[in-house]
1. Given Cα pairs under 8 Å that are at least 6 residues apart, what percent is the relative contact order of the stretch 414-467?
2. Looking at the stretch 391-460, what % of the alpha carbon pairs are farther apart than 14 Å?
3. Which three extents, in whole angstrom, do the alpha-carbon atoms of the stretch 723-866 cover along their principal axes, largest first?
4. Whole number please: convex hull volume per residue of the Cα set in the chain, in Å³?
5. Please report, for the Cα atoms of the stretch 254-293, the Rg to one decimal and the Dmax as a whole number; what are they, in angstrom?
6. How big is the stretch 320-389 on each of its three principal axes, counting only the C-alpha atoms and giving the largest first in Å?
7. Of the chymotrypsin sites (Phe, Trp or Tyr not before Pro) in the stretch 495-546, which ones lie in a loop per DSSP and count no more than 11 other C-beta atoms within 10 Å?
8. Run the numbers for Ala846 and Lys717: contour at 0.36 nm per residue of separation, minus the present Cα-Cα distance, in nm.
Amino acid sequence: MKKTGCFFLLAVLAGNVFGQTLNNNNQPAHYQVKKPAVDIKHILLNLRFDWQKNQAFGTAAISFSPLGSSRLVSLDAAMLSIYSIKLENGAALLFKYNKEETNNNLTITLDRLYSPAETITVIIDYRTNWINATDPGNIWGSTGKGIRFFKPSPTEPNRRRQIWSMGEGEGNRYWFPSVDAPGDLRTTEFIATIDTPFVIISNGLLIDKKINNDGTHTFHYKSSLPYPNHKTAFVAGEYVDITGKASETTLHNFAYPNEKEATIATIDRLPDMIKYFSSVTGTPYPFPVYSQVFVQELPWGYGSSAVSVQTENMVDDFITHADFLYLWDMLEGESLANQWFGNYLSTRDWRHYWLDKAFSRYFSCLYDEYKNGKDEFLLYQLTFDQGIYFNDWNTGIRHSLVTDRFGDVTAFINENYPNSRGSLVLHMLRKQLGEENWRKAIRQYVHSNAGKTVTTDDLLKAVETATGKKMGWFFEQWVYKMGHPAFEVTKSYDSVKKQLKLIAKQIQKIDSGSIYPQVQFFKGKMQIEIDERMEEIFINPKFENIFYFPCKQAPRLVNFDFESSWIKEIKLEKSTDELVYQLLNDKDILGKREALNKLAVIAKTENTSQSAKEKIYEGFRKIISGSDYWRFRYSAILALQGALPTVAGDHPLLPDSATTSLLLRTIKNDSAWIRAGAIGFLGQTKNDKYADLYIDFLGDKSERVINAAAIALGQSKSSKAFDALVKLKDKPSWKNQSLISSLNGLKDLGDKRAVDYVLPYINASQLPHWTLATSRWDHRLAAAETLVALGAAEKAYPLVLNDFKKAVEENNVNDIFYNLLQIVLLSQPGGQEAFDQLKIKYKDDAAAMAAVANLETQFKESIKPK
């Protein structure tokens, strides 16, 4: 049910190890730190846009000083047309440009020898050629490099005319010449002319805006604080500016004109975030202005200097946003925190880019903990990052945080390690230092490196200066080397000595085939929970650590690594009774979750006794009806639902009277997500006696509750269901959630009368929808799934095929692959013609061919006889 399921989770899981360049030994290539021959001081871009060709054109005035006496200047300029280069006085300069290269490929011969004490400005007249197209494998959102253009299409008539740039990594060289290296800080001006009513948003302050005689207007932005090249960004589109204040900082949030109120709901916590980050870092927001702008086809958000470019999917109305604060706090927090960690302090070279990503991610976690509580941070963000890291590890993506063994910069900095493992490492550092020392270290790090470039050693130095603690071992273990401990823990109680004995063995193995440095045995502080008390131990770097604790009686609860602070695997055997006790009594919500997950498995195991099962069921019911955090109680609802027996045929659940009574009480009295979970659980009984209850909840405020009620109503097969579900579409909702819920309910109802109702929505692109490429959030995909369930997919196929052909004719990658996804969902044998056509069209495009092959595999599986 989580909105992350479509775009954020897939975004961070997509790809392989860096998409890396390999050397002759089939190993990752060595990254060479760029050593420019010039120091860029200032770049002034003056551009216009060609909407038909998806190009920008104009001039770049680049002011620089040579780092040594020289007449030659080398810049990065990828896929540009260079028309002329001259000095400020108009004198033409000779240049060589190699279009086949992208690095140091524009060489300018100056009019004389210049020394490092001099500053020269060259003006380059150029046009872009690179098309930053949709990634066909990620139609829900991708970044690419350079400039992406949008305009309406036959299959997406409401797509907005819009332009945005993506420079993170080495993408900005695709739209302006520069020294594209993170350690070269410079100020910028951005002047752009565009048709009315479009506006331009870019870095820094808007210092001028003028109306031109030809119906265009020109925007002039200026940034007076130096920042890295890859943080230059702009957006062009039709927006309204929602202004505000946070202390002395002016806030601009650029909203679509028809989404102003929803944007106001979405940005509600931004001033508080600025106040919180300023307090924790001890440094006020470092720029005079902060802007957020929402755009199409971006998977997440990116914090450029003084402006963050965010996915439009972040924008929800007040009601929807209330159900997803945990998610959007994460996005908004990351982009905002990057103003400190990435712009005010910036990475000196790409090897250390985890500093930008990890601090931005972890500060969003800190705000989550501050605003939503520790249990939310632990259950959602910490657990999420641990899951991402271990998914990578288990699929063979294994390396250190800081390394020079990578070839593709953009792939390296955008894979999961800088974000997820980096954030987890900062959390461990916080736990090792303690809260007071952690705050001191962060403030020292920001204060001593303000306006500078940083490496990991600068962070280590700040930590040691602020705390007086030697922490080189920590950085060596978790940052410069790869891996994590795998603990095998055994416990025994000596009733004579009144003593608990814990043996913790580190059973992880060194990977002899890896080129990355590894830790044989890990060390560090750890907290262990023993019944009502907390013990702090120190794990020494050896195979076996033994610990003794005085205990008057055998402890009922032993929680090794309280709140799961370490990146680790652990094996610690516990009985069913111990797990039930832990479920109900652990002070650690993650310890309770561990017990919940293990008990859910035990309850479904055939040889588990009925009495043990009943004990587990009762434990789950106590959690659901108790006062634990909602996310954990929601998990308990799902665990109990999965543990209970079903009957043959339609497989309805068979909850006992105690469970049924609990669900009915919960549905009436609890919070939105809990009510939705309970309704979904009750719906699995497929009992039509609850139809009126479900119909009542179709009028709920929360769309999560409405969706659960619609599905449950469909599952009930009630005679009242059809009319109620068809009527539901008329209930006002954000991005047609009522329609999606209606379709979901009709899918389970199976009433053939719904076919004519559902069919028009299969290609109703004119209706508002998220761009997440999942049926949970897009009525067109929900309609496809519903028609399949109703046995009417063949009626929809000609409509989708027609849209597919239009998209191919328009050569719109997003529309092509969106319609191809619909063809997969409809599972009609004739759909093979679409794949055959695309295999010819994209025969020379490896990325597109990979996307076609992936969808074709799904398609062929879907049309196999069941």
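The values are calculated or read from the model by the stated rules, or taken from the named source; none is laboratory data. On a predicted model such as this, the values are computed, not experimentally measured, just so you know. Backbone-built Cβ (ideal geometry, glycine too); neighbour counts: all protein chains shown. To get the accessible areas, we keep the full protein, side chains included, count just its heavy atoms, and leave off ligands, DNA and RNA. Shrake-Rupley method; radii C 1.70, N 1.55, O 1.52, S 1.80 Å.
1. On the way: 27 pairs, mean separation 20.7, N = 54.
Relative contact order of the stretch 414-467: 38 percent.
2. Summing the P(r) of the stretch 391-460 above 14 Å gives 69 percent of all pairs.
3. 50, 34, 20
4. Numbers: hull volume 157.4 nm³, N = 866.
Convex hull volume per residue, Cα atoms: 182 Å³.
5. Just the Cα atoms of the stretch 254-293 yield Rg and Dmax of 12.5, 38 Å.
6. Here the spans come out as 38, 23, 19 Å, largest first.
7. Sites meeting the loop and neighbour criteria: Phe543.
8. 41.7 nm
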